[in-house]
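The values are calculated or read from the model by the stated rules, or taken from the named source; none is laboratory data. Being a predicted model, the structure only gives us computed values, none of them experimental. Heads up, the Cβs are rebuilt from the backbone with ideal geometry, glycines too, and the neighbour counts pull from every protein chain shown.
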Amino acid sequence: MIKNKLLKQFLVEPGTEVSLKDYVTDWTETGEARELGKEFIKERATAILEESRASLAEAQELLYASDTHSVLIILQAMDAAGKDGTIRHVMAGVNPQGCQVFSFKKPSAEELDHNFLWRYMKSLPERGRIGIFNRSYYEDVLVVKVHPEWLGPGSPAEPDAGFWRRRYEDINNFEKHLARNGTLVLKFFLHVSKDEQKRRFLERLTNPEKHWKFSEADLAERAHWKSYRKAFEDALSATSTKRAPWHVIPADRKYVARALVADIIVTAIRNLGLKYPEVPPEQLARLTEAREKLEGEGSGES
Ligand code: ATP
Ligand code: MG
């Protein structure tokens, strides 16, 4: 497990004004990490990921058995920050029946005809399940804040500060509703540097096996880096709440990001203090009866 003290530096304290320059993108470059050395950190991170995967599989089973809560994991990031890889690695050991991933792209005409939370509500995890949103309703205060022309019919052509403030409020109220009704909401912003994004795009353009991952739209969005950064800062500041806090995860090193995300999820589920349901005495008596009946059977097919 990663120490609470270390994890705290990645948490957006509710009510604080976020400036992303205060959050590192490469944790291995920090003073405390330098002392440990990159090789050591890589080994530790791999071990932590491995441990967390096993713990997560257990936690998911308990979540399912106790049937009182669900978990919603939200991943937001600039392109190529590693959302897909994080989901693949962190969830690798979890029973596929207990976990569902939803990736949200540009909304359809039908989706735009509803309120902006509608399409996400339909995909919320049921009790006992872990749901992952690969992009989420946060796109509705991020990408569309950078491109208000994509807001859809019925929205102002030039939304003012009040428009965004109301959306943040809607999101906070929505998450409050979820939390009150047994959904643990965990939000991760994978924080990648502009240089690292360039390296990853170049890798996609150079390595034929990665060509398929490159989209020209990614370059177009990269050109708006500053506006996205501001939109992220505004959203993180306005929507990190006690019930549903944001974590800003240093994502330049994939192994660091994956270990952190896995550990935070496991710790949060453990903190729910779930218990396997206890069988009532009369059912226990029936279980004993069934066991005795089975044990009393002769062997073979007869
Ligand atoms: P990858 O590139 O790794 O396959 P991705 O999540 O980037 O995954 P894409 O199909 O490349 O998937 O991009 C989805 C696009 O849809 C993103 O540019 C995102 O900003 C956009 N999008 C998501 N939600 C909304 C929304 N509510 N309004 C407008 N655009 C949205
Ligand atoms: Mg993409």
Requested in this report: Please work out which one of (1) more than 16 Å from ligand 2 (Cβ to nearest atom); (2) part of a loop (DSSP other than H, G, I, E, B); (3) not charged (D, E, K, R) is the condition Pro107 fails and give its number.
Outcome: (1)
**Report entry** Criterion violated by Pro153 - all others in (1) in a loop (DSSP other than H, G, I, E, B); (2) surrounded by 15 or more Cβ atoms within 10 Å (Cβ to Cβ) satisfied
**Finding:** (2)
Requested in this report: Find all pairs meeting these conditions: Cβ atoms under 7 angstrom apart; at least six residues apart or on different chains; first residue within the stretch 258-287 and among the acidic types (Asp, Glu); second residue part of a loop (DSSP other than H, G, I, E, B).
Outcome: Asp263/Met1; Asp263/Ile2
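Condition check ((1) within 15 Å of ligand 2 (Cβ to nearest atom); (2) within 16 Å of the chain's Cα centre (by Cα); (3) aliphatic (A, V, I, L, M); (4) surrounded by 14 or more Cβ atoms within 10 Å (Cβ to Cβ)) across all residues:
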residue: Val185; (1), (2), (3), (4): no, yes, yes, yes
residue: Ser193; (1), (2), (3), (4): no, no, no, yes
residue: Glu216; (1), (2), (3), (4): yes, no, no, no
residue: Glu233; (1), (2), (3), (4): no, no, no, yes
residue: Pro245; (1), (2), (3), (4): no, yes, no, yes
residue: Pro250; (1), (2), (3), (4): no, yes, no, yes
residue: Ala257; (1), (2), (3), (4): no, yes, yes, yes
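Is it the case that some residue within the stretch 232-252 is part of a helix (DSSP H, G or I) and basic (Lys, Arg)? If you could, list the steps in order and put the result at the bottom.
Initially, the stretch 232-252 is screened for residues part of a helix (DSSP H, G or I), giving 232-239.
Applying the additional criterion that residues be basic (Lys, Arg) yields none.
No: zero hits.
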Report task. Tell me which residues, restricted to the stretch 156-175, are surrounded by 12 or more Cβ atoms within 10 Å (Cβ to Cβ) and either modelled with pLDDT under 95 or touching a Phe, Trp or Tyr at 6+ places or on another chain (Cβ under 9 Å) (or both). Result -> Arg167, Asp170, Ile171, Phe174
Report task. Take the stretch 1-32 and flag every residue that is part of a loop (DSSP other than H, G, I, E, B), out of contact with any helix residue (DSSP H, G or I) (no Cβ under 8 Å at 6 or more places or on another chain), modelled with pLDDT under 95 and not polar (S, T, N, Q). Result -> Lys3
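Search the stretch 80-103 for residues being touching a residue at least 60 places away in the same chain (Cβ under 8 Å) and part of a helix (DSSP H, G or I), and hand back the single one that is nearest to ligand 2 (Cβ to nearest atom).
Across the stretch 80-103, the extreme among qualifying residues is Lys83.
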Report task. Tell me, please, whether a residue that is part of a strand (DSSP E or B) and more than 30 Å from Thr68 (Cα to Cα) can be found in the stretch 194-204. Result -> no
Query raised in the report: farther than 23 Å from His247 by Cα, small (Gly, Ala, Ser) and within 16 Å of ligand 2 (Cβ to nearest atom): does that describe Ala220?
Result: yes
